[in-house]
Amino acid sequence: QVQLVESGGGLVQAGGSLRLSCAASGRTLGGYKVGWFRQAPGKEREFVASTTWNGGSTYYADAVKGRFTISRDTAKNTVYLQMNSLKAEDTAVYYCNARLIHIATTSGGFWGQGTQVTVSS
């Protein structure tokens, strides 16, 4: 089983930046896609960004394109989400996710426990 631990969440002012980290353990991530989802109160969990572990290809939700950047450190089995120009609507619990690249459902793969990001206005 892949174990995922998120860190880096917190309180930040609108327009500010925050960097989330997700440390993976349990197995190597070759053949996996690793990324981030988020869930605000009363809303469904939504895709934010992901990267293929081997090739580093990246994918972003329209709501965060141009503001968020996903990256990974293969030596440390860690994925990062650099969040810039944060908006109040970015407030949510952010979850790290790892899945085989052919799994496309929102609920698929392995999940971390989440880290709270709160953007104040």
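Throughout, read-outs are computed from the coordinates displayed, never taken from laboratory work. Everything quoted here is computed from the prediction, not taken from an experiment. In this analysis, Cβ positions are derived from the backbone assuming ideal geometry, glycine residues included, and neighbour counts consider all displayed protein chains.
Quick look at the values:
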{"quantity": "Mean Cα-pair separation over length for the chain, i.e. relative contact order, pairs under 8 Å, 6 or more apart, %", "calculated": "36 percent"}
{"quantity": "Hull volume in cubic angstrom per residue (convex hull over the Cα atoms of region 64-121)", "calculated": "113 Å³"}
{"quantity": "Dipole magnitude of the chain about its Cα centre (Cβ charges: Lys, Arg +1; Asp, Glu -1), debye to nearest 20", "calculated": "200 debye"}
{"quantity": "Among 67, 99, 27, residue whose mean-square fluctuation peaks in a GNM of the chain (springs only between Cα atoms under 10 Å)", "calculated": "27"}
{"quantity": "Region 1-85: radius of gyration and largest Cα-Cα distance (Dmax), Å", "calculated": "13.1, 37"}
{"quantity": "Net charge over other residues, Cβ less than 13 angstrom from the Cβ of residue 57 (K, R count +1; D, E count -1)", "calculated": "+2"}
{"quantity": "Residue among 61, 92, 104 with the largest mean-square fluctuation in a Gaussian network model of the chain, springs linking Cα atoms under 10 Å", "calculated": "104"}
